[in-house]
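Please treat every number below as a calculation from the coordinates, not as lab data. In this text, all values refer to a predicted model and were calculated from it rather than measured experimentally. Cβ sites come from the backbone with ideal geometry, for glycine too, and all protein chains shown count toward neighbours.
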Amino acid sequence: MIRLLGFIAGALTVGSFIPQVVRTFRTRHTRDLSFGMFALLVTSGVLWLLYGLVRHDWPVVATNVGMVTLTGILLAAKVRFK
C-alpha cells in the first residue's frame, strides 16, 4: 500500500510538469522559465534517481526518471528557443 502511494504521488508530481512542456512547445516562449531553477531540478532529479536505484526504491526511481526527462526537456527548450 505504501509503495502504491509513492507511485501515485510520483505520477502527480511528474504530471504537473506536462502542461508546462506542452505550452512551451506550442508557444516556443521560454523567457519566463528560470534556467537556474530547471538546472537545479535536473541535477536534484539525477541525484534522487541514483538514490532510488541504490535503495531499490522503485517509486523514487520512476518519479525521477519522469522528472529528469520533463525538466530536461524544459531546460533544453530554454536554451533552444532563446
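How much length is gained if the chain between Val65 and Leu12 is pulled fully straight, taking 0.36 nm per residue apart and subtracting their Cα-Cα distance, in nm to one decimal? Full extension from Val65 to Leu12 adds 17.7 nm.
Peptides 35-46, 68-79, 8-19, ordered by how many other C-beta atoms sit within 10 Å of their residues on average, highest first, read 68-79, 35-46, 8-19.
Taking every C-alpha pair closer than 8 Å and separated by at least 6 residues, the mean separation divided by the residue count of the chain gives a relative contact order of 45 percent.
Sorting the Cα pairs of the chain by distance into bins of 5 Å, from 0 upward, gives 3, 17, 24, 22, 15, 10, 6, 3, 0 percent per bin.
Counting only whole DSSP H helices of the chain, the ones at least 18 Å long by C-alpha along their axis and with mean Kyte-Doolittle hydropathy no lower than -1.0 are 2-15, 35-55, 58-80.
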